[in-house]
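To keep things clear, I will list the structure first and then write my remarks on it.
The values are calculated or read from the model by the stated rules, or taken from the named source; none is laboratory data. Note that the structure is a prediction, hence the values are computed from the model and not measured. Quick note on the areas: whole protein, heavy atoms, side chains included, nothing else; ligands and nucleic acids left out. Shrake-Rupley method; radii C 1.70, N 1.55, O 1.52, S 1.80 Å.
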Amino acid sequence: ADENVPDARVRIDASRAAAAARDLGDDRVTRRFGDGAIEVSVPCANAPAFRSWLLGYLEHAEVLEPASVRADVIAFLEAALA
């Protein structure tokens, strides 16, 4: 893995938050929101593996940072829909 790639910050909505925290481990939860959503820190150096994990959450997850990872996911989804 590329050690220069920071973990991605991903917001998971309330409907999937408990499952995400259970799957990733509570140590990966970096923030809890009043609406029940959580923010998690997820390794993203392996882009295909990260996208596969992320897509499992469909519309229930949003990459917040880093911008390069967010852009990569958006480009991947746009290409898939094209």
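Quick notes on this structure:
- For the chain, carbon and sulfur atoms together expose 53% of the accessible surface, with a 1.4 angstrom probe and every protein chain in place.
- Shown here: the chain, whose C-alpha atoms stretch 34, 31, 19 Å along the first, second and third principal axes, sorted largest to smallest.
- Per residue, the accessible area of the chain comes to 62 Å² when a 1.4 Å probe rolls over the protein heavy atoms.
- Relative contact order [Cα under 8 Å, 6+ residues apart], the chain, whole percent: 38 percent
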